[in-house]
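Report on one structure; see the data block that follows.
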Amino acid sequence: MNNNEICRMTTLEMAQAIKAKKISPVEIMDAVLRRIEELNPRINAFCTLVVERARKQAKEAENRVASGAELGPLHGVPVSIKDLLFTEGTRTTGGSNVFGDYVPQESDIVVRRLEAAGAIVIGKTNTSEFGWTALTDNRLFGPTHNPWNLEMTPGGSSGGAAAAVAAGMGPLAIGTDGGGSIRVPASFCGIYGFKPSFGRVPRGPSLPGLEMLAHTGPMTRTVRDAAFAMEIIAGRDDIDCFSLPEENLTYMPALSGGLKGLKIAWCPDLGGAVADAQVLKITGAAVKNFAGLGADVELIKADLSCPEQAFSTHFGVQLATLLYDKLDEYRQQIDPLLAVFLDISKDKSAREYTAAWWELLEYRKRMNEIFNKYDLLLTPTVAVPPFKLGNYGPREIAGKKVSPLAWMAFTYPFNVTGHPAASVPCGWTDDNLPVGLQIVGRRFDDTTVLKASAAFETASPWAHKYPPAI
């Protein structure tokens, strides 16, 4: 098996081939690290690598296979971790000079669970500074480039994770999502991204902030890989007071079969969002697959104008509180627009913050009215195709002037509500750039989102498609 064939293996294929002794963990690690050495200078998906440690662990994993010892479900499989998640003994910066030399003494729960399952962490993937934008650029490591077109953004803030998976630099990446940061880059990079229900995957220890918005989840080439990873990383841990009580969760058995009996709502504007014509054409065509899979699909109008100001207040106050004592010292070293955002946010009153929170609670109630009638909600993942690096997002869509968050108006509402949501690749633009369809489920019904994702993947597969230069 050559290097390219190895790097195109899925997570499940790698794990199964290792257990069957068809390939060794060392062969896999060598191939993935060679791919990273070749492509990362151009893409900049990884900001920190732990090459020597990864090679050592691959050799130990190989010896364990040879000895006939019991193997974990991810034994010998390389994984990457977003640079917002703590990794013991490995620099974790949050994409910021503020924590440019920080080395945690303890790993995030998810990292510990992956390693206990036999996975080998190969490095940290790039992010926007503290994940504050749905892009991937910072003053510490620079921008990550979209593998489909190096002049374009991969989205963010888990853009390094998405670019790594899209380019074959590891089959499984762990990202975080506080406003679309898994789903946006999954859409822009043509991979699968899954944001679980809030609390489904426990978080911590970590930098404080965004506790009521952030989700941790898998980014993969296939739905089965994501479901497989979820069985390892999901489940209660009391270090996270918001973690859900279920344990020993299984998702793989639910992935087969059609969608007969499901009621699905298709809402292309989510009550006021503006989307690019190509995005609407591609996602609209993709929605037709669900009727063919046995579901009852209905185009709906929704009174769900996006709570942009309330979301920005809630997000900004939490981030400003984290950095309040450091802002003056590091002002010249952080993103200038972030500094402006923090200055505005740090002076918000308790009344303003509470009013924003009440508005978000009201938005949850309105969203739940949809799920009283429908099992799933479909929308575009992002309002626009990937755009060029160097800006914060389009201020005009489909000929209309829009607000700063309008291009991600389909994603951040579901951080407010906590619903499970996934982005599935559903087509490519005339410029060969990926477009994603978002599948949203009832609160806590992660299984149905994964099932619908898998059914769509069967009807309209994407995992065989790689960027032209990869």
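Flag not set for TYR412, criterion: among the aromatic types (Phe, Trp, Tyr), out of contact with any Asp or Glu (no Cβ under 9 Å at 6 or more places or on another chain) and within 23 Å of LEU299 (Cα to Cα).
Taking the stretch 28-75 as the range and being among the charged types (D, E, K, R), farther than 19 Å from LYS124 by Cα and in a helix (DSSP H, G or I) as the test, the residues that pass are LYS59, GLU60, GLU62, ARG64.
For the stretch 143-157, check the following and say yes or no: at least one residue is at pLDDT 95 or above, buried (at least 23 other Cβ atoms within 10 Å of the Cβ) and within 20 Å of ILE233 (Cβ to Cβ). So far as the stretch 143-157 goes, yes, one or more of its residues are at pLDDT 95 or above, buried (at least 23 other Cβ atoms within 10 Å of the Cβ) and within 20 Å of ILE233 (Cβ to Cβ). Counting only residues that are of a type in the set (A, V, I, L, M, F, W, C) and assigned to a strand (DSSP E or B), which one in the stretch 136-193 is farthest from the chain's Cα centre (by Cα)? That would be MET152.
Once the stretch 420-440 is narrowed to residues that are polar (S, T, N, Q) and either in contact with a Ser or Thr (Cβ under 9 Å, 6 or more places away or on another chain) or assigned to a strand (DSSP E or B) (or both), the residue that is nearest to GLU359 (Cα to Cα) is GLN438. Taking the residues in the stretch 200-229 that are under 21 Å from MET252 (Cβ atoms), touching a residue at least 60 places away in the same chain (Cβ under 8 Å) and small (Gly, Ala, Ser) as candidates, determine which candidate is surrounded by the most Cβ atoms within 10 Å (Cβ to Cβ). Restricting to residues being under 21 Å from MET252 (Cβ atoms), touching a residue at least 60 places away in the same chain (Cβ under 8 Å) and small (Gly, Ala, Ser), the top hit is ALA229. The residues of the stretch 198-224 that are closer than 13 Å to ALA173 by Cα and either among the hydroxyl-bearing types (Ser, Thr, Tyr) or more than 14 Å from the chain's Cα centre (by Cα) (or both), listed by number, are THR216, THR220, THR222. In the stretch 107-119 there is at least one residue that is over 27 Å from PRO468 (Cα atoms), buried (at least 24 other Cβ atoms within 10 Å of the Cβ) and of a type in the set (Asp, Glu). Looking at this structure, is GLN309 surrounded by fewer than 18 Cβ atoms within 10 Å (Cβ to Cβ) and either touching a Cys at 6+ places or on another chain (Cβ under 8 Å) or in contact (Cβ under 8 Å) with a residue 12 or more places away in the chain (or both)? Yes: the conditions hold for GLN309.
Listed by position, the helices (runs of 4 or more DSSP H) enclosed by the stretch 324-419 that each have at least 3 residues that are free of Cβ contacts under 8 Å to residues at least 12 places away in the same chain and more than 23 Å from the chain's Cα centre (by Cα) are 350-371. Count of the stretch 113-132 residues, restricted to those that are part of a loop (DSSP other than H, G, I, E, B) and either modelled with pLDDT under 95 or not hydroxyl-bearing (Ser, Thr, Tyr) (or both), is 5. Taken over the stretch 419-431, the residue count meeting the criterion of being surrounded by fewer than 24 Cβ atoms within 10 Å (Cβ to Cβ) and in contact with a strand residue (DSSP E or B) (Cβ under 8 Å, 6 or more places away or on another chain) is 4. Residue pairs whose Cβ atoms lie under 8 Å apart, separated by 6 or more positions or on different chains, with the first residue in the stretch 122-145 and in contact (Cβ under 8 Å) with a residue 12 or more places away in the chain and the second among the charged types (D, E, K, R) and outside any loop (DSSP other than H, G, I, E, B), are LYS124/LYS82; THR125/LYS82; THR127/LYS82; ASN138/GLU129; ARG139/GLU129; LEU140/GLU129; HIS145/ARG42.
Taking each residue of the stretch 106-119 that is closer than 20 Å to MET29 by Cβ and looking for partners that are in a helix (DSSP H, G or I) with beta-carbon atoms closer than 7 Å, six or more apart or interchain, yields LEU114/ILE232; LEU114/ILE233; ALA117/ILE232; GLY118/ALA61.
The values are calculated or read from the model by the stated rules, or taken from the named source; none is laboratory data. Quick caveat, the model's predicted, so the values are computed rather than measured. Cβ: placed from backbone, ideal geometry, glycine included. Neighbour counts: every protein chain shown.
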